[in-house]
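> I have a structure here, written as structure tokens, and I will follow up with some questions on it.
Every read-out reported here was derived from the displayed coordinates using simple, explicitly stated rules and does not represent laboratory data. What you see is a predicted model, and the numbers here were worked out from it, not measured in a lab. Every residue, glycine as well, gets a Cβ built from its backbone with ideal geometry; the counts of neighbours run over all protein chains shown.
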Amino acid sequence: GLQLLCALGSLAEVACLVRLASNAVYDATSTLSLHLILLAKDEAPFEAIAGLLLTAFLFGGMLLFSFGFAAFVFTTLSAEQAGQLLRKAFPHFYAWCMLTSAAAALPLYRIDPLCAALLLSVTATTIPARQVLMPAINNATDSGNKSRFNVLHSASVALTLSQIFAVGYCLTRMV
């Protein structure tokens, strides 16, 4: 909240500087946040706002799909119907994650190269998840190979959680 106010104008910027200066302990995050605020205000306001909004959009969408939609589908539909619906939904979810993470990385490359790299890693790791891991999970399900399904599904969940944490980390660097 305070960082966003700092981006709004010089009076808010002075208040932000006073607030940060009054803290007894500086850490790398607050120093970086101050740097990002000043850079965004003076040099790249569109990029900072676009990067923040796209990253937040990605984070919220990943959380909603992973923990909201998928859970809702399995509690509302039969296991067979839920499986069929998720098979149709996951390719679109993965495509959305690839597009949104790449779009979020672009405006951030000058402002925060680390976040840009993390977001591009989300893009890059989603490609094999969509093209290799998802079909393998479907094949394991179709063949009734529960142990293979469990291993592959666990890998998919671990990958998605690591992506969510990476995107969430980027958000913490921006606010």
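> Order 50-63, 142-155 from most to least packed using the mean count of other Cβ atoms within 10 Å.
50-63, 142-155
> What is the distance, in nm, between label points placed 7 Å from the Cα along the Cα-to-Cβ direction at His153 and at Arg87?
1.5
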